[in-house]
1. Between region 43-104 and region 179-241, what's the alpha-carbon centroid distance in Å?
2. Can you tell me the orientation of helix 235-245 relative to the chain, as the angle in degrees between its alpha-carbon axis and the longest Cα principal axis, to the nearest 10?
3. Using all alpha carbons of region 1-47, what is the percent of pairwise distances in each 5 Å bin, ordered from the shortest bin to the longest?
4. Give me the Debye-computed log₁₀ of I(q)/I(0) at q = 0.08, 0.15, 0.17 Å⁻¹ for the chain, equal point scatterers on Cα only, no solvent, two decimals.
5. Which angle from 0 to 90°, rounded to the nearest 10, does the C-alpha axis of helix 160-169 make with the longest principal axis of the chain?
6. Just give me a number: lysine pairs in the chain, eight or more positions apart or cross-chain, with C-alpha atoms less than 24 Å apart.
7. Let me have the 222 nm mean residue ellipticity of the chain computed from DSSP H runs of 4+ only, each contributing -39500 (n - 2.57), with the sum over all residues rounded to the nearest 500.
8. In degrees, nearest 10, range 0 to 90: what is the angle between the Cα axis of helix 187-196 and the longest Cα principal axis of the chain?
Amino acid sequence: MLVVSRKEREKIVFPTIGASVELLFLKGKVARLGIDAPRDLPILRGELVDENTPKYDRDAAQAAQQRDHALRNELNIAAIGLALLRKQLQACQQDAADKTLEMLIHKVSHLRDARSAKGDPNSADHAPRALLVEDDENERFLLAGFLRSSGFEVDSASDGAEALTYLAASDKPDLVLLDMLMPRCDGPTTVRTIRRNPHFEGMKIYAVSGTAPAELGVELGPQGVDRWFQKPLDPERLVGELQTALGLAE
């Protein structure tokens with residue numbers, strides 16, 4: 001046991017756990033102490049401690065501090081990257097902006113994985129999986145990036161033929177985001193092919209198109225598309241609708 005004499009307003013400091021004890025004042029035989037410590041460090045009066053009281057785990061506390069420090073660094077990088085991306089887009093530097101966006105997508109995915117590794121109560125058991133089918137390369141890249149940054153796992157296809165090949169060889173995704181006017185195999189043909197296959201029963205299909213359902217003869221409902229999103233697209237609204245449909249909205 002360490003015995004230390006202190007005067008009023010003098011402290012005892014525990015630097016390895018970020019805590020300190022200050023003698024505030026003496027009154028008779030009673031000393032009033034002020035304790036400054038991390039919120040996750042339990043502090044109890046001695047008479048309340050028993051064999052069931054959790055013990056301080058120094059290694060776990062240090063590991064948590066290291067994780068928090070690493071996450072703060074990642075968030076700082078992401079914030080700088082967003083500022084850079086805005087300037088690149090304002091200057092019409094498309095190639096540079098694409099590289100910055102790709103880096104940001106990677107960072108956001110890493111942060112989401114780190115939250116899950118920490119046992120974050122708000123993190124899902126698994127991210128919802130989406131297949132994005134869009135023939136325009138830039139639109140496909142940007143929308144996939146936005147979905148990933150919103151918590152989705154995303155695979156993509158450039159047209160309906162590629163999408164059907166993917167579906168035949170992969171696990172069923174939670175949803176398909178489908179453009180309508182595409183080469184080789186267009187949206188309506190892709191929808192009909194999927195709906196005829198009992199393996200894909202119940203899978204959500206959402207149209208993302210500049211056309212209207214009536215123009216293409218596409219049915220709205222479980223035998224056609226579950227929802228029609230008109231271009232130009234509002235990505236925030238799209239993600240909100242998808243999260244609601246999948247029961248992920250808070």
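1. Using only Cα atoms to place each centre, the spacing works out to 38 Å.
2. 80
3. Percent of Cα pairs in each bin: 5, 18, 26, 28, 18, 5, 1.
4. -0.52, -1.10, -1.29
5. Compared with the principal axis, the helix lies near 60 degrees.
6. Count of close lysine pairs: 12.
7. On the way: 7 runs with 105 residues, N = 250.
Counting only the DSSP helices, I get -13500 deg cm²/dmol.
8. 80
Since every read-out is calculated from the coordinates, none of them should be taken as a lab result. This is a predicted model, so every value here is computed, not measured.
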